[in-house]
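**Student:** Structure provided below as structure tokens; questions to follow.
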Amino acid sequence: MKRTFGIIFLILPFFGLSVRGQGPVTLNPDTVLVDSLGDVVVAARRPGTLRMGGAENGFQIGKEELFRAACCNLGESFTTNPSVDVNYSDATTGARQIRLLGLSGTYVQMLTEQLPNFRGSALPYALSYVPGPWMQSIQVSKGASSVRNGFESLTGQINIEYLKPEQEEGAALNVYGNTKSRIEANADANIHIKGKVNTEVLAHYEDDFAQMDENHDGFVDQPSVRQVNVQNRWDYLGRKYIFHGGLGLIDEKREGGQKVESSKLKVQSYPPYRIQLDTRRYEAYMKHAIVLNPEHGTNIALMASGSIHQLDALFGMKTYNADERNAYLQLMFETNFTERHNLSAGLSLSHDRIDGKETTPGIYAQYTLNLSSKLTAMAGLRLDHSSLYGTFVTPRAHVKYAPSGWFTLRVSAGKGYRSPHPLAENHYLLASGRQLILDNPEQEEAWNTGLSTAFYIPLWGRTLKLNAEYYYTHFFHQTLVDYDSNPSQIRLANLNGRSRSHTFQVDMTYPVISDMDLTLAYRISDVRSTYAGGRFLERPLVSRWKGLATVSYKPAPGLWQFDVTCQVNGSGRLPGTADRFPVYPQLSAQVTRWFRHVSIYLGGENLTNYRQPHPILGADDPWGANFEPTMVWGPVHGITAYVGLRVNLGKRM
């Protein structure tokens, strides 16, 4: 019987038959149901996170995983993931940053559909610029990644794939609200025009309409954010020619700081301390591909993207204004000489006008060797010339060895470079009462090496997936946020000494019972740098270790889904002192009910209600030198409950 269902699953797509169900159709053919109308319903479960099959160590987060939490934007999409952390940068602006391999998100190359994006002053808020319902998947690669996308990946790459215009015609709507006064609405619609032309409209609106002060320090716990975000995307899918292109606009206003009616003002004659950030961002991209030889995968592609990012920011009486221009162009050729040999080569040109002008042309080549299914080796080399930093070479190599179906070994090594923009990328530090000191920036440079293993172990009739990995990052040049050298200053300083990161992680996933998956993970990071005075110190405000446990239960026929995630974050160093912040837990849970074209989800975040006791130091005197809202290491909000509704009009869930 199982074999028969497997054959049916294989031939259904070729006959154009539709399989309808109450929830997502997934890939386990063991459960077949018949509904009241006599339709065949195949209910099964797709894994939400898939390990990439190439030489690089990476994974893909799909819709199934994103649905396990609210995932209102990219910054909230890693709740159930053990590898990527997302933390607030400060307690006033709502800026968030990713941490990968123990290091901040500035060392993670951000891509949208394989095009570099979100640079300079856009970086602190980039995670809120990608609405969760717009995402088809997130691809995360660790360590030195492919040279095709540039030289900037020091600890990894995060690539966002949006919903595609060529996908199923119809529309979808997602609405969301939480107890912190945040409301949100998202919509996407696909239209298939005559021939092979398709278009898509993506729309997003959010509003935090109330000012809450749960810790009663006189400052709102999170800024009021009003954002409008729209995109229009097009494609043409011909036999020999393929086109993708689109335009985007983001208009956002952030308002935070001291509440006007606050009684915490130390000197009542002073005006309230206010934070205001007005952002307008324009984006455009296009991709052209010509298929020269389908049998050998031979094609030539031209990709281009550009953005204008305008920011007017006020931090008390300090102002920061940005009018940035970014452009990127890549010409790529790729072919498979045989089934074993692949070559990718190309030219690139990037131009950034942020706190200065930098133009960087480059050339690269990457060779991949596939020996059956057991050995894959990939080696790449880039040569780039920066108008600011001169010529530099980026070598990278990856090897995957899979001697059997139950064991895989990956090894990687490579170099990475990054042009820092200290003030643009850290302008939220202007909220501090300390004096901000900037060194003349140097190009950042680091080596990254990694080793990862994956085991697939049969256990009690099911498969235990076990992964273990170790990464070492060694910096030659780096820009540091230095709180330690002078208690009255924050210095954006060039490295004068050593800087390195050791990261070890082990995680396992096992279906403890039918339709229930359990994931356990533990990660330890040792990140240290030399600060002024020659002290080789642990990086401040970073948890030394993290434990994660997630449970996902979706009983057949897939009408209900229950998800629980528990994190325990280790202690870390507080800057300028010998003290450490404590270990703290976080708990989140969500229940989802699936219908034919609708799903309703209800959940809660930070259910342990743990909050950093004093996220803003000196809150009673925001105009003084001791005012410090940027030393954030833990949650700044308490329990948050939310509810949401997804509706598909003409599309399957």
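**Student:** Of everything in region 557-597 that's among the basic types (K, R) and farther than 22 Å from S77 by Cβ, which residue is surrounded by the fewest Cβ atoms within 10 Å (Cβ to Cβ)?
**Tutor:** Looking at the filtered set, the residue picked out is R596.
**Student:** Does any residue of region 445-461 turn out to be more than 22 Å from the chain's Cα centre (by Cα), surrounded by 21 or more Cβ atoms within 10 Å (Cβ to Cβ) and either of a type in the set (A, V, I, L, M) or farther than 30 Å from P615 by Cα (or both)?
**Tutor:** No: zero hits.
**Student:** Return the total of residues in region 294-314 being modelled with pLDDT of 95 or more, within 30 Å of T335 (Cα to Cα) and not hydroxyl-bearing (S, T, Y).
**Tutor:** Total meeting the criteria: 7.
**Student:** Just to verify a result, which residue in region 72-100, among those that are assigned to a helix (DSSP H, G or I) and of a type outside the set (G, A, S), is modelled with the lowest pLDDT?
**Tutor:** Once the filter is applied, the top-ranked residue is E76.
**Student:** Testing T453 on (1) part of a strand (DSSP E or B); (2) polar (S, T, N, Q); (3) modelled with pLDDT under 95, one condition comes back false. Which one is that?
**Tutor:** So the condition that T453 fails would be (3).
**Student:** Let me ask something else about it. Give region 620-653 a look and list any residue that's aliphatic (A, V, I, L, M) and closer than 30 Å to L607 by Cβ, or say none.
**Tutor:** Within region 620-653, M631, V632, V636, I639, A641, V643, L645, V647, M653 qualify.
**Student:** Could you list all residues from region 281-318 that are touching a His at 6+ places or on another chain (Cβ under 7 Å) and within 30 Å of R254 (Cβ to Cβ)?
**Tutor:** Of everything in region 281-318, those that are touching a His at 6+ places or on another chain (Cβ under 7 Å) and within 30 Å of R254 (Cβ to Cβ) turn out to be R281, A313.
**Student:** Output the number of the condition that L492 fails; it satisfies all remaining conditions of (1) in contact with a helix residue (DSSP H, G or I) (Cβ under 6 Å, 6 or more places away or on another chain); (2) assigned to a loop (DSSP other than H, G, I, E, B).
**Tutor:** Status for L492: all satisfied but (2).
**Student:** Could you check how many residues of region 575-607 are under 30 Å from R539 (Cα atoms) and either touching a Ser or Thr at 6+ places or on another chain (Cβ under 7 Å) or modelled with pLDDT under 95 (or both)?
**Tutor:** 16
**Student:** Hey, another quick one. Which count do you get for residues in region 513-525 that are surrounded by 15 or more Cβ atoms within 10 Å (Cβ to Cβ) and either among the β-branched types (V, I, T) or closer than 23 Å to Y472 by Cβ (or both)?
**Tutor:** 6
**Student:** Further question: Quick check on region 419-444: of everything there that is in contact with a Ser or Thr (Cβ under 7 Å, 6 or more places away or on another chain) and not in a helix (DSSP H, G or I), which residue is surrounded by the most Cβ atoms within 10 Å (Cβ to Cβ)?
**Tutor:** Checked region 419-444; the qualifying residue surrounded by the most Cβ atoms within 10 Å (Cβ to Cβ) is S432.
**Student:** Considering only region 92-147, how many residues are touching a residue at least 12 places away in the same chain (Cβ under 8 Å) and more than 26 Å from Y282 (Cβ to Cβ)?
**Tutor:** Count: 15.
**Student:** Among the residues of region 481-515, write down those that are more than 25 Å from the chain's Cα centre (by Cα) and of a type in the set (V, I, T).
**Tutor:** Residues satisfying the conditions are I490, V512, I513.
Here's the yes/no breakdown for (1) touching a Gly at 6+ places or on another chain (Cβ under 9 Å); (2) under 30 Å from G94 (Cβ atoms):
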residue: F333; (1), (2): yes, no
residue: T338; (1), (2): no, no
residue: H385; (1), (2): yes, no
residue: H421; (1), (2): yes, yes
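**Student:** Starting from residues that are closer than 22 Å to Q590 by Cβ and touching a helix residue (DSSP H, G or I) at 6+ places or on another chain (Cβ under 9 Å), keep the ones in region 188-223 and report whichever is surrounded by the fewest Cβ atoms within 10 Å (Cβ to Cβ).
**Tutor:** E206
The values are calculated or read from the model by the stated rules, or taken from the named source; none is laboratory data. If you're wondering where the values come from, they're calculated on a predicted model, not measured in any experiment. Cβ sites come from the backbone with ideal geometry, for glycine too, and all protein chains shown count toward neighbours.
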